[in-house]
Structure formats: structure tokens, C-alpha cells
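J.: One structure coming up, written as C-alpha cells, with questions to follow.
The values are calculated or read from the model by the stated rules, or taken from the named source; none is laboratory data. Keep in mind the model is a prediction, meaning the values are calculated, not measured. Please note that ligands, DNA and RNA were not included when accessible areas were found on the heavy atoms of the full protein model with its side chains. Shrake-Rupley method; radii C 1.70, N 1.55, O 1.52, S 1.80 Å.
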Amino acid sequence: MTRRTASFAGQVVAWVVILAVVAALVLAVLVPRIAGATPYTVLTGSMKPNYPPGTLIIAKPVEPDEVRIGDVVTIQLESGKSGFVTHRVVKVSTNLKGERSFTTQGDANNVADQDVRRPEQIRGKLWYSIPYLGYVNNALTGSQRQTAVYVVAGGLLLYAAYMFTGALRGAREETKGED
């Protein structure tokens, strides 16, 4: 393999890695923030096989009357506390006052969740998910995610400047060789 081919292959690999990191950050941080959605990480096997532990779930806010049987929703377990669960709605009920309630169940669980969910507990409906990215989401706090975005953006700018100056040097050398 010639030196030029090896250099080109190295550049292709570098760009693929950079684009993958940027895409992951965009999908995990930027898109949810713009859309008003919230990222959550699946921590248990209750939603296997579709959403195994480590899956990043992006839940978009939804009106409770839009929630249907079969929807995957993220629920706040107790008001004011940070405990959340993402399960599938298996039953929608309405009482005599017209108030709705939801029965949820993990896909891998044999029985429905014991507690019936109230509309105000629903934090969002599954918008999209990304396998394994939840591990990264758990490892980084909100400010660390923001810093990661800035670091990756800065790294991309530096890499672009490096590539640009390398191309200019190469063009100059070709021009000198022609003289």
C-alpha cells in the first residue's frame, strides 16, 4: 500500500469516527433539546428485547388523551422525585368523572405494573431510541454533555483547519513541481 493510499484510508476512518460521534451527540443532546423531549436511560431488562438495558429513550411530551394502548410511555413514579420507568400501555380506563388512568407493563414482564398511572405521571411518549447510548448518557451529567458538545465541535473545527492547511500545502507543492 502506498503512503498516499494509507493517508487517504486514515482520513476516511477519522471522518467516519468523527461523524459517528457528532451524530450520537446530535441525537442524544441537540435534537431532544430543540424538540422539547427528554432523554432517559433504560436501566433494567423489563423492556427487553426491544429496549434492553443501556438503550437511550427519547420521550416527547404528549397530552394524556393522545396515549393509546400499545404506546411506550415514560412515567414519573412519585411526584417531585427522580424515579422514572418506561413501559408499554396495556389498558386505558376512564372513571365515572371522566378521568383517565393507564395500566402499564414492561414487555419482558409477565404481569402488568401494580400501580395504575394517572395522566400527570406521564412524562412523555417514546419518540425514538438509540441502543447503548444510554450508558454514555448516564456517565455524563447535563453540564458534562454540554461540555462534550463544545469539545467535539472545537475538535471538528481544528481537524477541518488541519485538513485545509494540508490541502493548501499539497496544492503549493504541486504548483512548485510544475514550475
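J.: What are the principal axis extents of the Cα atoms in segment 92-139, in Å, biggest first?
T.: 45, 24, 17
J.: List the residues whose amide H sits under 5 Å from the amide H of Ala37, counting only those 5 or more places along or on another chain, with H placed 1.01 Å from N in the peptide plane.
T.: none
J.: Taking 0.36 nm per residue of sequence separation and subtracting the Cα-Cα distance, how much length would be gained by fully extending the chain between Tyr128 and Val26, in nm to one decimal? Mind dumping the intermediate values first?
T.: Numbers: separation 102, 0.36 × 102 = 36.72 nm, distance 1.31 nm.
My answer for the length gained is 35.4 nm.
J.: Less than 18 Å apart at the alpha-carbon level, and either on another chain or at least 8 residues along: which aspartates and glutamates does that give for Lys48?
T.: Asp71, Asp107, Asp113
J.: With a 1.4 Å probe and every protein chain left in place, work out the accessible area per residue of segment 20-133 in Å², rounded to a whole number.
T.: Values: 6460 Å² over 114 residues.
About 57 Å² of surface per residue is accessible.
J.: Sticking to Cα atoms, compute the Rg of the chain to one decimal and its Dmax as the biggest Cα-Cα distance, whole number, in Å.
T.: Rg and Dmax of the chain, Cα atoms, are 23.6, 91 Å.
J.: Using only Cα atoms, locate the centre of segment 1-43 and the centre of segment 94-112, then give the distance between them in Å, rounded to an integer.
T.: Answer, in whole Å: 39.
J.: Work out, in µm²/s and without decimals, the Stokes-Einstein translational diffusion coefficient of segment 35-89 at 25 °C, 0.890 mPa s, Rh from Kirkwood over C-alpha pairs.
T.: Working: Rh = 12.0 Å.
Rounded, D is 204 µm²/s.
J.: Roughly speaking, what is the stretch gain from Asn95 to Glu174, that is 0.36 nm per residue apart minus the C-alpha to C-alpha distance, in nm to one decimal? Kindly include the intermediate steps, with their values, before the conclusion.
T.: On the way: separation 79, 0.36 × 79 = 28.44 nm, distance 7.97 nm.
So the chain would gain 20.5 nm between Asn95 and Glu174.
J.: Additional query: At 1.4 Å probe size, with the rest of the protein present, what percent of the exposed accessible area of segment 13-58 is carbon and sulfur atoms?
T.: Working: 1790 of 2350 Å².
Roughly 76 percent, rounded to a whole number.
J.: Give the average over all directions of the projected area of the C-alpha convex hull of segment 7-103, one decimal, in nm².
T.: Working: hull surface 35.3 nm².
Here the figure is 8.8 nm², rounded to one decimal.
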